[in-house]
Amino acid sequence: MTERSYEIDFGEQAPTGAEAERLTASGAGEAERAEEAALRPKGLADFVGQPQVREQLSLVLDAARARGRTPDHVLLSGPPGLGKTTLAMIIAHEMGRGIRITSGPAIQHAGDLAAILSSLEEGEVLFIDEIHRMSRAAEEMLYVAMEDYRVDVIVGKGPGATAIPLELPYFTLVGATTRSGLLPAPLRDRFGFTGHLDFYSAADLHSVLSRSAGKLDMHAEDEGLTEIATRSRGTPRIANRLLRRVRDWAQVRGDGRITTQAARAALEVYEVDALGLDRLDRSVLRSLCTRFGGGPVGLSTLAVTVGEEAETVEEVAEPFLVREGLVTRTPRGRIATRAAWQHLGLTPPQGG
Ligand SMILES: Nc1ncnc2c1ncn2[C@@H]1O[C@H](COP(=O)(O)OP(=O)(O)OP(=O)(O)O)[C@@H](O)[C@H]1O
Ligand SMILES: [Mg+2]
């Protein structure tokens, strides 16, 4: 039985990639990427929302500063686009240190990690994105590096091989994962602080959007931003992206201003509905209701019917559908709630 619905950690959400492609089927152009970088908050004070994580993190950083030490290792978990990479950069910025960025899939051999670790400078932040995808051997090397600031470089092969310990400078590891449930306990336990990022409220997304509109010199009405905020799937990255699509509409078909009307019209063009669901979200829901009578159905079966990887459905679409109360996960599979049927304008089955 390889049905993944039986293995998942129900409390967790997962990786990446597909989220980046959302709402910009053509891919973000160079200018858009530059804008995206400009919108990334630099300091903790610019980071909107997530009050708990922000407070906890600021304590960790202030205490480290007061002691003149490097901050403890930090693990950040949560769905894509909520600010994990941003926070890693903020940690380096707040500490006035450099940051080295890599990712779990990029570290296939322990040697890859040894090379990165041994080139770190005192106090630097090492950011490992998708840390749950690192190879086993690298993971074990990381344990020692995190705890003892040392790597053992193996010289030679077979019985004659010897481990030469190499001292490392103090550094702060920041790990990001969309699935903290997939991290082995020994790795998880070596982080001094774990921050879990959750979907943002519409009010927080409104703040993200007004900050962005200001930075991009847009003429935006409050109601227009509210309309975008409520349809952004609780995700700052999506909010910023929708803002640019609404700006396109406003410039080409409107009077250049971000208004409610511009927001509604543009989001209709991009098939983002009133709840913020996009095409993938809706096709998952529709398939669940119309093909499987509302479930329960296993994740991989569901994924096949919408023509997506199980991982994409699980990591990109599902967390928000669950959070909105449209889908529930049970040990027997996914189930559509009454709200899901209603949202699609369908009649729920008797007793459903
Ligand atoms: N709290 C926030 N305040 C303002 N803007 C934010 C905030 N969080 C994220 N953003 C914006 O959203 C974008 C996406 O954030 P980020 O790249 O940090 O997400 P992520 O969690 O690393 O996503 P992934 O899991 O896909 O790597 C950033 O470019 C940033 O501009
Ligand atoms: Mg990231």
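The values are calculated or read from the model by the stated rules, or taken from the named source; none is laboratory data. All values reported here derive from a predicted model rather than from experimental measurement. Methodologically, a virtual Cβ is constructed for each residue, glycine included, from the backbone with ideal geometry; neighbour enumeration extends over all protein chains shown.
Some notes on this structure:
- Of all residues in segment 82-107, exactly one satisfies the criterion of being assigned to a helix (DSSP H, G or I), among the β-branched types (V, I, T) and over 16 Å from the mean Cα position of the chain (by Cα), namely I91.
- Test: residue in segment 44-54 that is more than 16 Å from ligand 2 (Cβ to nearest atom), in contact (Cβ under 8 Å) with a residue 60 or more places away in the chain and more than 18 Å from L197 (Cα to Cα): no
- Of all residues in segment 74-83 being surrounded by 24 or more Cβ atoms within 10 Å (Cβ to Cβ) and within 6 Å of ligand 1 (Cβ to nearest atom), the one that is farthest from L61 (Cα to Cα): G81
- Which listed residue, of L277, L288, is farther than 23 Å from G78 by Cβ and surrounded by 20 or more Cβ atoms within 10 Å (Cβ to Cβ): L288
- Subset tally (residues that are away from ligand 2 (no atom under 16 Å from the Cβ), outside any loop (DSSP other than H, G, I, E, B) and within 30 Å of P236 (Cα to Cα)) for segment 146-184: 3
Residue by residue, here is whether (1) within 16 Å of ligand 1 (Cβ to nearest atom); (2) modelled with pLDDT under 90; (3) of a type in the set (D, E, K, R); (4) in the same structural domain as L87 (by TED's automatic domain parsing) holds:
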site	(1), (2), (3), (4)
D112	no, no, yes, yes
L117	no, no, no, yes
M134	yes, no, no, yes
A138	no, no, no, yes
E147	no, no, yes, yes
V153	no, yes, no, yes
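- Number of residues in segment 188-213 that are in a helix (DSSP H, G or I) and within 11 Å of ligand 1 (Cβ to nearest atom): the value is 8.
- Residue check, A31 aliphatic (A, V, I, L, M) and at pLDDT 90 or above: no
- Lone unmet requirement of (1) surrounded by fewer than 17 Cβ atoms within 10 Å (Cβ to Cβ); (2) touching a residue at least 40 places away in the same chain (Cβ under 8 Å); (3) in a helix (DSSP H, G or I); (4) in the same structural domain as L120 (by TED's automatic domain parsing) for R69: (3)
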